[in-house]
1. What is the local net charge at Val99, summed over the other residues whose Cβ is closer than 15 Å to its Cβ (Lys, Arg +1; Asp, Glu -1)?
2. Can you tell me how the chain classifies by the Cα gyration tensor, rounded, prolate or oblate, using a/c under 1.5 as the rounded cut?
3. Just to verify a number: FRET efficiency for Ala8 and Asp68, C-beta to C-beta distance, R0 = 25 Å, to 0.05?
4. What residues qualify as long-range amide H neighbours of Glu50, i.e. H under 5 Å apart, gap of 5 or more or another chain, H built at 1.01 Å from N?
5. Test of understanding: ordering Trp45, Trp91 by Cβ neighbours within 10 Å, fewest first, what list do you get?
6. Given charges of +1 on the Cβ of Lys and Arg and -1 on the Cβ of Asp and Glu, with all other atoms neutral, how large is the dipole of the chain about its Cα centre, in debye to the nearest 20?
7. Which one of Glu52, Glu17, Glu97 has the biggest mean-square fluctuation once the chain is modelled by GNM with Cα springs under 10 Å?
8. Identify the residues of segment 79-96 with backbone N under 14 Å of a label point that sits 7 angstrom from the Cα of Ser40 along the Cα-to-Cβ direction, or state none.
Amino acid sequence: MDVSSVFAGIPKNLPDELCQTLLTANTFRIERIVSRGHSSNSGFWYDQAEDEWVMILKGRAVLTFADDGAITLEAGDYLLIPAHCKHRVEWTSPTEETVWLAIHFTARTDHPPGP
């Protein structure tokens, strides 16, 4: 088995936010996102068809939600962003990497019957 680190291979120079798929399957995708002073373009909102669970592993970020205002996330913080919940990255730390772990998935609506 190969062992990797989510903190390995982060370039010193990050002109653009780095987004890498770590694992993908039929129902989900796990990504590592690395930001350093990056934010969403003015007027841009994410409106994703999938649910997204996101955790800050290192650094800090501010997310703004179209219907709920802004929230600050620090290392160890996580949240679930439901599908089609409009949001944007307002700010990430310009002096250190912000390393995100994002899991994109589609919630099951065809739950098997209970016991």
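1. My count for the surroundings of Val99 gives -1.
2. oblate
3. My answer for the efficiency is 0.15.
4. His84
5. Placing the least packed residue first, the sequence is Trp45, Trp91.
6. Details: 9 positive and 16 negative charges, 47 e Å.
In total the dipole reaches around 220 debye.
7. Highest fluctuation among the options: Glu17.
8. 81-92
None of the figures in this text is laboratory data; all of them are computed from the coordinates on show. Being a predicted model, the structure only gives us computed values, none of them experimental. When we count neighbours, we look across all protein chains shown, and the Cβ atoms used for this are built from the backbone with ideal geometry, even at glycine.
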